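These notes are about the structure you will find just below.
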Amino acid sequence: MRQTELFTKTRREDPADEVSKNAKLLIRAGYIHKEMAGVYSFLPLGLRVLEKIKTIVREEMNAVSGQEILMTALQEKELWEKTDRWDDAKVDIWFKTKLKNGTELGLGMSHEEPLVQIMKDHIKSYRDLPVSAYQFQTKFRNELRPKSGIMRGREFLMKDMYSFHSEQSELDTYYEKVEAAYERVYKRVGLGDYTFKTFASGGIFTKYSHEYQTLSEAGEDTIYISREKNLAINEEVYTDEVLAELGLERSELEMAKSIEVGNIFKLSTRYSEPLGLVYLDEAGKSYPVVMGCYGLGISRLMGTVVEVLADAGGLVWPKAIAPFSFHLVSLGNSAEVIKGAEELYKELAEQKIDVLFDNRDLSAGEKLADADLLGVPYRIIVSDKTLANGKFEVKDRRSGEVSFMTASEITALV
């Protein structure tokens, strides 16, 4: 993409109504647009990042036999009443609306109930199990005070997966596979060194759930980390009993603030029993299906990457989720610079390499500041000086390391 064709513009000043780092930088860099409190639109650069995160998550969910679907946002009141999750006194984050005939509907904040209803048409026998289905979908939650930019909103993009099993041991085995898949996701998006599987309250479902918490001072949670064992405990279950069960000593744990970037549960028969999802075993006896659920906020993950990796200059995208691999910046208006930049741009494009080409008529200072703000992994400078040396200047956005390379050496970086 040529930057002269990109309709979004960068800003020098932070938006006055934002306090979180991720919202300030993403708005300044033209990745998102704030519609209202807790509601953001994703612009071309932001959407490219979201789609790359989705691709990574999709690959890892497919690797554990997940099947992708897409469910509706509009939800029938009667279905949720069966599980006692419609009443605002029980679940206070619903967005509710009505059809013209007065029928009350909700905008989905989770999808256990509707997927169980779907599976009633497809699960009849033990031979139909196990099965796992997931989706990427916009969720709606009526947060009283949305904050933290795209990390906590009233409308956000989420991956939610649900698995269905004949017995608990089968769920336990699958659950471990999903744990490993989640760890691969965080490593691939650049947060592996900062993210810990965290023991948290299982609520009414089970003794524990497992959260994935990323270390950040912008986080709303407090966790206690064992770096040696690569796990953590949420403050809500930080008791002597839990420590003893996990074989941990208070002296080996480090307290830290963190951002929850994923949450997985063993649901047992919490939703299958009230909604009548059963299967027949080999003897023809009926049993309720055992379930697990696995959530991961896609837009929240994007915001977390910004909170953790951004620096004083702006965004710093890991290679796997950056909107472009290279930011090609031409400095100067000589015929040689224009020709050299165009030729390199075409060569990279022919190699199917993502490149953003800053061909704007701006000063060197403005272009270089924008390059830092946008956070593309490698910045390539084409100028009279670099052309005279016969190589291009390449700067690694994250490390700051500068190298001089030929076009073929630049291609080899990807």
Farther than 12 Å from Ile264 by Cα and part of a strand (DSSP E or B), is that true of Thr198? no
Just to be sure, is Leu99 over 28 Å from Gly292 (Cβ atoms), in contact with a strand residue (DSSP E or B) (Cβ under 7 Å, 6 or more places away or on another chain) and surrounded by fewer than 12 Cβ atoms within 10 Å (Cβ to Cβ)? yes
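How about the range 63-83: which of its residues are without any contact (Cβ under 8 Å) to a residue 40 or more places away in the chain and not in a strand (DSSP E or B)? Outline the logic, then answer.
Of the residues in the range 63-83, the ones without any contact (Cβ under 8 Å) to a residue 40 or more places away in the chain are 74-78, 80-81.
Once the filter is applied, which keeps residues that are without any contact (Cβ under 8 Å) to a residue 40 or more places away in the chain and not in a strand (DSSP E or B), the range 63-83 yields Lys77, Glu78, Trp80, Glu81.
Could you say whether any residue in the range 387-402 is over 30 Å from Lys139 (Cα atoms), polar (S, T, N, Q) and out of contact with any strand residue (DSSP E or B) (no Cβ under 8 Å at 6 or more places or on another chain)? Lay out the reasoning, then the answer.
Taking the range 387-402 first, the residues over 30 Å from Lys139 (Cα atoms) are 387-402.
When the remaining residues are screened for being polar (S, T, N, Q), the result is 389, 399.
From what's left, out of contact with any strand residue (DSSP E or B) (no Cβ under 8 Å at 6 or more places or on another chain): 399.
The answer is yes; a qualifying residue exists.
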For strands (runs of 3 or more DSSP E) lying entirely in the range 325-414, having 1 or more residues that are of a type in the set (D, E, K, R) and either in the same structural domain as Asn22 (by TED's automatic domain parsing) or in contact (Cβ under 8 Å) with a residue 60 or more places away in the chain (or both) picks out 355-358
Checklist (1) assigned to a loop (DSSP other than H, G, I, E, B); (2) within 27 Å of the chain's Cα centre (by Cα); (3) at pLDDT 95 or above; (4) charged (D, E, K, R) applied to Lys100, failing item: (2)
Arg300 fails exactly one of the following numbered conditions: (1) among the charged types (D, E, K, R); (2) closer than 19 Å to Lys9 by Cα; (3) assigned by TED's automatic domain parsing to the domain that holds His210. What is the number of that condition? (2)
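So, of the residues in the range 255-289 that are of a type in the set (Asp, Glu) and outside any loop (DSSP other than H, G, I, E, B), which turns out to be farthest from Gly219 (Cα to Cα)? Walk me through how you get there before you give the answer.
Just the residues of the range 255-289 that are of a type in the set (Asp, Glu), to begin with: 260, 273, 281-282.
So of that shortlist, the ones also outside any loop (DSSP other than H, G, I, E, B) come out as 260, 273.
On the way: Glu260: 8, Glu273: 36 Å.
Across the range 255-289, the extreme among qualifying residues is Glu273.
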Can you tell me how many residues in the range 214-254 are surrounded by fewer than 13 Cβ atoms within 10 Å (Cβ to Cβ) and part of a strand (DSSP E or B)? 1
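Being in a strand (DSSP E or B) and over 13 Å from Met61 (Cβ atoms) is the filter here; which residues of the range 136-183 pass it? Break it down into steps so the answer makes sense when it comes.
Of all residues in the range 136-183, those in a strand (DSSP E or B) come to 136-140, 155-165.
Result: Gln137, Thr138, Lys139, Phe140, Glu155, Phe156, Leu157, Phe164, His165.
Among the candidates Lys24, Lys52, Lys82, Lys77, which residue alone is touching a helix residue (DSSP H, G or I) at 6+ places or on another chain (Cβ under 6 Å) and either within 27 Å of Ser163 (Cβ to Cβ) or buried (at least 18 other Cβ atoms within 10 Å of the Cβ) (or both)?
Numbers: Lys24 fails: touching a helix residue (DSSP H, G or I) at 6+ places or on another chain (Cβ under 6 Å); Lys52 fails: touching a helix residue (DSSP H, G or I) at 6+ places or on another chain (Cβ under 6 Å); Lys77 fails: touching a helix residue (DSSP H, G or I) at 6+ places or on another chain (Cβ under 6 Å).
Among Lys24, Lys52, Lys82, Lys77, only Lys82 is touching a helix residue (DSSP H, G or I) at 6+ places or on another chain (Cβ under 6 Å) and either within 27 Å of Ser163 (Cβ to Cβ) or buried (at least 18 other Cβ atoms within 10 Å of the Cβ) (or both).
In this structure, does Val57 turn out to be more than 17 Å from the chain's Cα centre (by Cα) and touching a residue at least 12 places away in the same chain (Cβ under 8 Å)?
no
The values are calculated or read from the model by the stated rules, or taken from the named source; none is laboratory data. Bear in mind the structure is a predicted one, so any value in this text is a computation, not a measurement. Backbone-built Cβ (ideal geometry, glycine too); neighbour counts: all protein chains shown.
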